[in-house]
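> What follows is a single structure, and I will ask about it in a moment.
The values are calculated or read from the model by the stated rules, or taken from the named source; none is laboratory data. Being a predicted model, the structure only gives us computed values, none of them experimental. Cβ: placed from backbone, ideal geometry, glycine included. Neighbour counts: every protein chain shown. Please note that ligands, DNA and RNA were not included when accessible areas were found on the heavy atoms of the full protein model with its side chains. Shrake-Rupley method; radii C 1.70, N 1.55, O 1.52, S 1.80 Å.
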Amino acid sequence: MSTYSLSDGLASGAPRTSRAPLLATWIRESGVGVLASITWSAFGLSCLWWEDVGDWSRTHSLGIAAFVIAAVALFGTVGADYLGSAGKALRKRAPWLVALGAFLTLWEVATAKLAWLPLPFFPPPQAIIEVYTDDLPKLLDSVFASVKLQLGGYLIGATVGFLTGVSIGWSRAVGYWVHPVLRFIGPLPATAWLPIAFFTFPSSWSASTFLIALATGFPVTVLTWSGVASVSNAYYDVARTLGAKPSFLVLKVAIPAALPHVFVGLFMGLGSSFAVLVVAEMIGVKAGLGWYLQWAQGWAAYANMYAALIVMSLLCSGAITLLFSIRDRLLVWQKGTVKW
Amino acid sequence: MVATALAEAVTHPAAGAALDIEQVSHAFDIDGIELPVLSDVSISVEPGEFVALLGPSGCGKSTLLRLVAGLDKPKAGRLREDEERIKHPHPSRVVVFQDPTLFPWRSVWDNVALGLEAQGILKSQRQRVDDALDLVGLSSFRNAYPHQLSGGMAQRVALARALVNDPKILILDEPLGKLDSLTRITMQAELVSLWQRKAFTTLLVTHDAEEALVLANRVIVFSERPAHVKADIRVDRPYPRHRGDPYLADLRRQILGLLGLDATW
Ligand SMILES: Nc1ncnc2c1ncn2[C@@H]1O[C@H](COP(=O)(O)OP(=O)(O)OP(=O)(O)O)[C@@H](O)[C@H]1O
Ligand SMILES: [Mg+2]
């Protein structure tokens, strides 16, 4: 009986008709949130309970932050019904919060407290936080440099690749000349050009832009081309009988019909250009996250490396998310597209 | 009443054009082997005539329509629209293909607007698109994408996409084949009233002898491939026609006989 009344009080105030599934419902909706708050509290405790084996300045703040998150998780999920969409979103992510709290606790204990994992190769969470607070300007500079380089190279590569692909797909004459070149040079990994590019281009920055553009351009060209080439003749027939001129056939028939293929090329190009970006920054350009990684390794600053890796993965993931949302906007007419 | 709206939107009703098909033969190369499809077909169509083409499946009806549209060139013979050689496709001859072939990346409205957009007159004539959609009863689906339509609805959109161009020759390749019998009868009536008002010349390929007789003033029966004209039958009956008309029933029996169905009828 007491269990029921307890769950009644906690369960969100929404009127419930039957009592039997009440507990089950409450556990499903809020139980995970309670669990999340327990794992995050454990993380906070693990920060504050023992002394650190090393010298880290952010341990205390991290512990407090963990408790704050634990409180947010608890009240956010239990009271989700009063919080609207934010509460719903929190509830949906609660299982991940549980896992994350558990992982952080384990990480904290295994590194900073009991040193199961050897230092300095495995820095504790507070060491990484320390990088973000104390080395922020340099990190931001690196982020900015990387984004600038990547964006420039990618846009150039995607544009040139798209235009080349459309031209090859549309015109036999262009195909005759470009196709063999593409077959010969395209499959070469862009990084193979690195040594040549760095002494033929006026600056390492322009060389890297070229390499990123190259890595992007090849898949975009090939997939745009195959997209344009595979457009059904029936579409052209329809458009021609309705009075379409060649420019209309290219711009309003071939390109929209090929767009799904083009996006596959854009995704592939994005992936391979990331690889080139990091290598180019490590070897040539003295800026950017790749260079930051290299520099951190030189100083055996492992926490900085992890911090930079996390930022890098957020950026790459963000770029892909952005591309997905552009695609979803342009290709609303397609059914059953993949959600990222 | 929607039909009147369409008539009003078009200030200069395009009268039909004459169509001359003169000794046209055509063949396809399949792996180096020549497949004759049309053999010496001659049909002379008066302006504003409604001609139905009947023939066994695969005999070459769609091929003939492609030649009339100007999408392909015949191996021999000539095609002329109002005395002018047909060399290229032209929006005065609009085709509704056997498959609706709507552009999947365009909404229903944009699909119907295709012809006006291609000719660069969409901006001033948007009303025509709305009217054409009204005519086929799909105004409420203007923003839908083709994958959200049923087969019959897609075919109606294809019809609207053709009609919006106000063609002189309307070329229909079994456009009503996929419709349910009820919509089909309604669309047949719409087609007749539209044709009577606009007086465009109509070529209609159909498998259905009854449909041919209800709609056309001339029914041409083709032979097996390679197709040649087997019979050219005038249908002198006033519109609207009744399916039960004994005169039409008689013609129907005659046509089915020509198509090789004597025994069952
Ligand atoms: N592009 C092509 N290449 C080769 N052969 C073709 C081509 N188009 C049509 N054919 C052949 O020409 C013949 C006539 O085809 P067509 O499409 O004109 O027939 P149809 O009379 O319209 O038949 P249905 O009533 O079944 O639509 C068929 O045997 C077909 O195989
Ligand atoms: Mg056909």
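> Just which residues of the range A:236-253 lose 30 Å² or more accessible area with every protein chain there, against their chain alone, with the probe set to 1.4 Å?
A:237, A:238, A:240, A:241, A:242, A:243, A:248, A:252
> Can you give me the distance in nm between label points at residue A:48 and residue A:325, each placed 7 Å from the Cα along the Cα-to-Cβ direction?
3.7
> Here is a further query. In nm, what is the difference between 0.36 nm times the number of residues separating residue B:44 and residue B:180 and their Cα-Cα distance?
45.7 nm
> Which whole-Hz couplings ³J(HN,Hα) result when phi for each residue of the range B:255-261 is put into the Karplus expression 6.51 cos²θ - 1.76 cosθ + 1.60, θ = phi - 60°, listed in order with x for Gly and Pro?
5, 4, x, 4, 7, x, 10
> Let me ask something else about it. Grab the DSSP H runs of chain B that are 4 residues or longer, score each as -39,500 (n - 2.57), total them, divide by all residues and round the 222 nm result to the nearest 500 deg cm²/dmol.
It lands at -9500 deg cm²/dmol.
> What percentage of the solvent-accessible surface of chain B, computed with a 1.4 Å probe over protein heavy atoms, is contributed by carbon and sulfur atoms?
The value for chain B is 51 percent carbon and sulfur by accessible area.
> Can you give the FRET efficiency to the nearest 0.05 for residue B:80 and residue A:232, using r as the Cβ-Cβ distance and R₀ = 35 Å?
Using R0 = 35 Å, I get an efficiency of 0.70.
> Another question, if that's okay. Considering protein heavy atoms only and a 1.4 Å probe radius, which residues within the range B:98-115 exhibit an accessible-area decrease of no less than 30 Å² in the full assembly relative to the chain by itself?
Residues losing area: B:101, B:103, B:104, B:105, B:114.
> Where the convex hull is taken over the Cα atoms of chain A, what is its projected area averaged over directions, in nm²?
With the hull built on Cα positions only, its mean projection is 25.6 nm².
> With a Förster radius of 56 Å, plug the Cβ-Cβ distance of residue A:334 and residue B:253 into 1/(1 + (r/R0)^6) and report the FRET value to the nearest 0.05.
Calculated value: 0.65.
> Give the calculated FRET efficiency between residue A:184 and residue B:121 to the nearest 0.05, with a Förster radius of 41 Å applied to their Cβ-Cβ distance.
0.30
> For chain B, report the accessible area per residue in Å² (1.4 Å probe, heavy atoms, rounded to an integer).
44
> Nearest 5 percent is fine: what portion of the DSSP beta bridges confined to the protein assembly as shown is antiparallel?
DSSP beta bridges in the protein assembly as shown are roughly 55 percent antiparallel.
> Using the structure shown, list the pairs from B:73/B:168; A:113/A:148; A:88/A:252; A:252/B:230 with a Cα-Cα distance above 32 Å, or answer none.
From the list (B:73/B:168; A:113/A:148; A:88/A:252; A:252/B:230), the Cα-Cα distance tops 32 Å for A:113/A:148; A:88/A:252; A:252/B:230.
> Something else now. Tilt of helix A:302-330 relative to the longest C-alpha principal axis of chain A, in degrees (0 to 90, nearest 10)?
The angle comes out near 60 degrees.
> Once you've got the GNM for chain B with C-alpha springs shorter than 10 Å, pick whichever of B:246, B:100, B:74 has the biggest mean-square fluctuation.
Highest fluctuation of the listed residues: B:246.
> Using a probe radius of 1.4 Å on protein heavy atoms only, what is the accessible area buried between chains A and B, both sides summed, to the nearest 100 Å²?
2000
> Using 0.36 nm per residue of separation minus the Cα-Cα distance, give me the extension gain between residue A:83 and residue A:199 in nm, one decimal.
Here the segment from residue A:83 to residue A:199 would lengthen by 35.9 nm.
> Would you calculate, for chain A, the mean residue ellipticity at 222 nm contributed by helices, counting each DSSP H stretch of 4 or more residues as -39,500 (n - 2.57) and dividing by all residues, to the nearest 500?
-24500 deg cm²/dmol
> Would you mind calculating the gained length between residue A:92 and residue A:315 on full extension (0.36 nm times residue separation, minus the Cα-Cα distance), in nm to one decimal?
The span from residue A:92 to residue A:315 would gain 77.9 nm if fully extended.
> Can you give the accessible area per residue of the range A:182-293, in Å², using a 1.4 Å probe?
The answer is 41 Å² per residue.
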